[in-house]
Amino acid sequence: MPTSVMWFRSDLRLQDNPALATAIDAGREDGVVPLFVIDDSLGTGNARSAYLSRLLGDFSHRIGGLHLVRGDPRTEVIRVAREVGADSVHVAAAFTPYGARRDASVERSLSTQGIRLERTGSPYAVAPGRVTKDDGSGHRVFTPYFRAWQEHGWRAPAPAVDGVHWIHPDGGTSIPKVSVPDGMRLPAYGEDAAHARWRQFVDEDVADYDSARDLPGPDRTSRMSVHLKWGTIHPRTMLADLAPLRSKGAQAHVRELAFREFYADVLHHRPDSAFGYYNRAYEQMAYDEPGEAFAAWKQGLTGIPIVDAGMRQLLAEGWMHNRVRMIVASFLVKDLHLEWHHGARHFMDHLVDGDLASNQHGWQWVAGSGTDASPYFRVFNPTTQGKTFDPDGEYVRRWVPELADIPAKQLHTPWELDPPPAGYPAPIVDHAEERIESLRRYDAVR
Ligand code: FAD
């Protein structure tokens with residue numbers, strides 16, 4: 001058997017990696033080339049590029065050298081495969097619109113040379129497209145998808161691989177040095193970090209997840225999104241650990257993992273919804289052009305404490321709590337009247353866990369134009385949201401130091417203080433007025 005190539009993408013792990021197991025099997029006599037292509041056309045945000053470069057370093061160290069090349073995978077994969085005399089290239093199937101197109105094109109060019117592209121597994125417990133409605137179309141509503149997803153089920157985690165005969169061809173490029181964006185603290189990276197974080201969450205926090213998950217102050221969600229994004233753990237491994245747990249928290253966590261798979265499924269059926277409106281009626285709505293208010297939103301200087309706290313957390317950690325993602329997104333669309341994709345792009349530029357399906361559909365859900373979307377007329381009041389989900393102001397105080405000494409009662413309405421807090425802006429909009437304006441625009445296209 002000749003050499004095989006394992007083309008790693010968002011699956012930099014040795015445990016529960018069926019594509020890698022297949023590559024090892026195919027290359028059991030001559031070994032496996034661990035390949036990673038730095039594909040500049042993906043244009044990952046600075047935070048993600050910085051994170052990826054560290055993750056590549058960690059993974060390369062673990063396997064004694066990842067073969068890194070830079071360029072277009074359509075030419076680079078076939079070049080490497082030919083150079084090492086491989087007759088198969090192994091991947092986990094990709095489902096983003098770009099990833100699916102790229103792989104189809106790589107597969108075509110490999111086949112002209114008699115080399116197979118073998119897809120084994122995917123980054124999901126249930127691959128997009130597997131669960132459909134009776135008529136074969138994709139689900140548009142989460143709850144029936146969730147039911148069908150659970151009924152479909154998934155395999156047990158694949159065993160960890162050991163003693164792999166890696167081949168390290170000459171040449172290749174070195175891991176790019178990408179500096180961390182100013183003021184940002186990156187999360188821990190690598191397979192060990194993913195498992196350590198997961199164990200800690202299961203041992204300490206999952207039981208109460210259902211009641212604690214909406215509170216950004218105590219901050220007790222799993223923070224596994226970044227590890228799922230880069231595939232340093234497979235969701236199947238997590239689901240296998242959750243299965244024997246009876247707590248409501250564990251069940252709620254399974255449901256959230258299903259949301260990630262639902263959005264990947266939706267994007268698979270509607271690739272146009274990555275950048276276009278899922279519900280096209282919303283294309284016709286009147287929107288404002290981004291200007292000063294957008295700049296204030298990006299910097300966390302809107303004068304609305306919970307919005308500013310969230311936007312500053314994004315810049316500082318490359319992550320934001322889910323409840324606050326919804327609040328800041330609603331503020332952008334319904335208080336500032338901007339199209340959702342302006343905010344989605346800013347998120348993708350800064351999120352370390354930035355994932356096209358979850359991000360674009362998280363935004364569209366808030367904007368009202370997405371799948372079983374929150375109805376457009378339900379406009380989040382950011383002050384009420386702040387008081388409800390950050391009642392003692394723990395979260396706002398952490399991220400907006402100008403408000404650190406304000407008592408909890410006034411923390412979410414600092415503009416009512418006399419004098420107002422020094423160094424903190426007055427609200428850039430009046431929510432009550434913008435709510436009416438937002439509904440007026442909605443009525444016009446309804
Ligand atoms: P936990 O609460 O511990 O949940 C566990 C896992 O379930 C998460 O890691 C994630 O994989 C999945 N999950 C949870 N909630 C959702 C959800 N609403 N949609 C999809 N998957 C979910 N998630 C991303 O991974 N990448 C993104 O780019 C992203 N952008 C978002 C943008 C907006 C506007 C909104 C409203 C949500 C977005 N989400 C995104 C979903 C969610 O906010 C994050 O997955 C979650 O905050 C990650 O933190 P955690 O790992 O502690 O989550």
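Can you compute the helix-only [θ] at 222 nm over the chain? Use -39500 (n - 2.57) per DSSP H run of at least 4 residues, normalise by all residues, nearest 500 deg cm²/dmol. Don't skip to the end; give the middle numbers.
Numbers: 19 runs with 204 residues, N = 446.
-13500 deg cm²/dmol, from helical runs alone.
Evaluate the distance, in nm, between pseudo-label points positioned 7 Å from the Cα of residue 289 and of residue 40 along their respective Cα→Cβ axes.
Once both label points are built, they end up 3.1 nm from each other.
Share of Cα-Cα pairs in the chain beyond 43 Å, in percent?
Values: 16406 of 99235 pairs.
Across the chain, Cα pairs with separations above 43 Å total 17 percent.
Would you mind getting the accessible area per residue of the range 231-359, heavy atoms of the protein chains only, 1.4 Å probe, in Å²? Don't skip to the answer; put the middle values down first.
Numbers: 4170 Å² over 129 residues.
Ligands and nucleic acids excluded, the result is 32 Å² per residue.
So what is the relative contact order of the range 99-204, in percent, for Cα pairs below 8 Å that sit 6 or more residues apart? Spell out each step's value before the answer.
Working: 28 pairs, mean separation 13.9, N = 106.
Value for the range 99-204: 13 percent.
Students often get this wrong, so check it: of 298/334; 229/387; 177/298, which have C-alpha atoms separated by over 23 Å? Before the final figure, lay out each step's value.
Values: 298/334 16 Å; 229/387 31 Å; 177/298 26 Å.
Correct reply: 229/387; 177/298.
Is the range 141-300 best put as rounded, prolate or oblate by its Cα gyration tensor, with a ≥ b ≥ c the root eigenvalues, rounded for a/c under 1.5, and otherwise prolate when a/b is larger than b/c, oblate when not?
Values: a/c = 1.45, a/b = 1.15, b/c = 1.26.
Taking the square roots of the gyration eigenvalues as a ≥ b ≥ c, the range 141-300 is rounded.
Leaving out ligands, DNA and RNA, and with a 1.4 Å probe, what % of the accessible surface on the range 280-445 is carbon or sulfur? Don't jump to the answer; show the numbers that get you there.
On the way: 3490 of 6650 Å².
Summing carbon and sulfur atoms, their accessible area is 52 percent of the total for the range 280-445.
Assuming a ≥ b ≥ c are the square roots of the Cα gyration tensor eigenvalues, decide whether the range 349-406 counts as rounded (a/c under 1.5), prolate (otherwise, with a/b larger than b/c) or oblate. It would help to have the intermediate numbers written out before the result.
Details: a/c = 3.64, a/b = 1.55, b/c = 2.35.
Since a/c reaches 1.5 but b/c is at least a/b, the shape of the range 349-406 is classed as oblate.
Once you've got the GNM for the chain with C-alpha springs shorter than 10 Å, pick whichever of 237, 120, 75 has the biggest mean-square fluctuation.
Highest fluctuation among the options: 75.
So for the chain, averaging the separation of alpha carbon pairs under 8 Å that are six or more residues apart and normalising by length, what relative contact order in percent results?
Values: 750 pairs, mean separation 76.7, N = 446.
RCO, the chain: 17 percent.
Loop-only trypsin sites (Lys or Arg not before Pro) in the range 236-313, please: DSSP not H, G, I, E or B, and at most 13 other Cβ atoms within 10 Å. All intermediate terms of the calculation are to be shown ahead of the outcome.
Details: sites: 236, 246, 248, 255, 260, 280, 298, 312; in loops: 246.
Loop-located and lightly packed - 246.
In the neighborhood of residue 156, defined by Cβ-to-Cβ distances under 10 Å, what is the net charge if each Lys or Arg adds +1 and each Asp or Glu adds -1? Provide the component values of the computation, followed by the final result.
Values: positive: 155, 236; negative: 16.
Spelling it out: positives minus negatives among the neighbours equals +1.
For the range 83-143, which whole-number percentage of the solvent-accessible area (1.4 Å probe, protein heavy atoms only) is attributable to carbon and sulfur atoms?
Working: 1330 of 2850 Å².
Accessible surface attributable to carbon and sulfur in the range 83-143 totals 47 percent.
Which value results when the Cα radius of gyration for the range 280-445 is divided by 2.2 N^0.38 Å?
Working: Rg = 15.3 Å, N = 166, 2.2 N^0.38 = 15.3 Å.
Dividing the Cα Rg of the range 280-445 by 2.2 N^0.38 Å gives 1.00.
Can you give me the accessible area per residue for the range 4-122, using a 1.4 Å probe, in Å²? Provide the component values of the computation, followed by the final result.
Working: 4430 Å² over 119 residues.
Spelled out: the 1.4 Å probe surface of the range 4-122, per residue, equals 37 Å².
Can you check what the net charge comes to around residue 267, using other residues whose Cβ is under 12 Å from the Cβ of residue 267 (Lys, Arg +1; Asp, Glu -1)?
-2
Name the shape class, rounded, prolate or oblate, that the alpha-carbon gyration tensor gives for the range 93-204, where a ≥ b ≥ c are the square roots of its eigenvalues, rounded holds for a/c under 1.5, and otherwise prolate holds if a/b is larger than b/c and oblate otherwise.
Working: a/c = 1.68, a/b = 1.14, b/c = 1.47.
Oblate, because a/c is 1.5 or more while a/b does not exceed b/c.
The values are calculated or read from the model by the stated rules, or taken from the named source; none is laboratory data. Bear in mind that the values here come from a model prediction, so they are computed numbers and not experimental data. All Cβ positions, even for glycine, are placed from backbone atoms using ideal geometry, and neighbour counts span all protein chains on display. These area figures cover heavy atoms from the full protein model, side chains too; ligands, DNA and RNA do not enter into them. Shrake-Rupley method; radii C 1.70, N 1.55, O 1.52, S 1.80 Å.
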